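Working notes for the structure below.
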Amino acid sequence: MITMKDILREGDPILNQVAEAVELPPTEEEKNTLAEMLQFLKNSQDEELANAYQLRAGVGLAAPQIGISKRMIAVHFQDFEETQYSYGLFNPKIVSHSVALSYLAGGEGCLSVDREVPGYVPRYQRITVKATDLNGEELKLKLKGYAAIVFQHEIDHLNGVMFYDRINSEAPFTVPENSKAIE
Ligand code: K2U
Ligand code: NI
């Protein structure tokens with residue numbers, strides 16, 4: 001099972017690389033890895049397991065974070081409208097997005113970053129993502145609000161982008177143009 005010792009921390013070069021596309025159909029090993037990433041997120045949100053294994057809660061995980069430079073992400077969370085998102089995805093791609101932006105009012109964190117980095121992270125308010133799921137199905141997901149933020153955070157990891165790369169370093173709490181806060 002994946003635990004925190006398997007998660008690379010900032011400074012590891014893999015976190016700054018562009019990850020390779022997964023050739024489809026994925027191998028058994030790639031499917032197992034992606035399933036393990038999804039299981040880690042579920043475990044990290046289970047109080048008993050998280051305590052027993054000292055897991056930091058996570059709503060998303062990208063393969064480069066466990067040292068695998070491949071375009072694979074897992075997400076597991078409920079958005080503010082109680083919609084449940086639980087996916088293991090190969091080659092997720094943002095195929096369209098709104099001009100309007102949004103940001104988490106409380107800022108963002110990262111399982112690969114063991115420190116607070118205050119500031120607003122401008123993200124697209126709405127995105128459409130195409131990907132292949134663990135069962136080999138082609139998916140097209142229209143996402144907004146918190147869900148759009150989680151997916152953008154994870155897809156950034158596949159492109160070697162950390163959330164703090166998007167914070168305005170001169171004025172971290174600058175409200176981005178044409179944006180709305182997500183509380
Ligand atoms: O990629 C990761 O490091 C996982 C992040 C994803 C994330 C962070 C901020 C905003 C959206 C997604 C972890 O989930 S950070 C910890 C966390 C846990 C519960 C809720 C929000 C953030
Ligand atoms: Ni992260």
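Filter the stretch 17-50 down to residues that are β-branched (Val, Ile, Thr) and in a loop (DSSP other than H, G, I, E, B) and give me whichever is farthest from the chain's Cα centre (by Cα). Checking each candidate, the answer is 27. Does residue 74 satisfy the condition of being closer than 24 Å to residue 115 by Cα, surrounded by 13 or more Cβ atoms within 10 Å (Cβ to Cβ) and touching a residue at least 12 places away in the same chain (Cβ under 8 Å)? The answer is yes for residue 74. Residues in the stretch 80-100 that are buried (at least 18 other Cβ atoms within 10 Å of the Cβ) and either small (Gly, Ala, Ser) or under 13 Å from residue 149 (Cβ atoms) (or both): 88 only.
For the stretch 159-177, filtering for residues that are among the aromatic types (Phe, Trp, Tyr) and open to solvent by less than 60 Å² (accessible area, probe 1.4 Å) leaves 2.
Scanning the stretch 71-130 for residues that are of a type in the set (Val, Ile, Thr), outside any loop (DSSP other than H, G, I, E, B) and either within 16 Å of ligand 2 (Cβ to nearest atom) or closer than 22 Å to residue 33 by Cβ (or both) yields 73, 75, 113, 129. Checked against (1) among the basic types (Lys, Arg); (2) within 15 Å of ligand 1 (Cβ to nearest atom); (3) under 14 Å from the mean Cα position of the chain (by Cα), residue 93 meets all criteria but (2). Of the residues making up the stretch 29-49, those that are within 11 Å of ligand 1 (Cβ to nearest atom) and open to solvent by less than 30 Å² (accessible area, probe 1.4 Å) are 37, 40, 41, 44. Checking each residue in the stretch 118-142 for being touching a Pro at 6+ places or on another chain (Cβ under 8 Å) and open to solvent by 20 Å² or more (accessible area, probe 1.4 Å) picks out 118, 120, 122, 130, 136. One residue stands out among those in the stretch 51-64 that are open to solvent by less than 90 Å² (accessible area, probe 1.4 Å) and assigned to a helix (DSSP H, G or I): the one that is farthest from ligand 1 (Cβ to nearest atom), which is 52.
The values are calculated or read from the model by the stated rules, or taken from the named source; none is laboratory data. Everything numeric in this text was worked out from a predicted model, so none of it was measured. Neighbour counts are summed over all protein chains in view; Cβ atoms, including those assigned to glycine, are modelled from backbone coordinates with ideal geometry. Accessible surface is based on the protein model in full, side chains and every heavy atom, while ligands, DNA and RNA are left aside. Shrake-Rupley method; radii C 1.70, N 1.55, O 1.52, S 1.80 Å.
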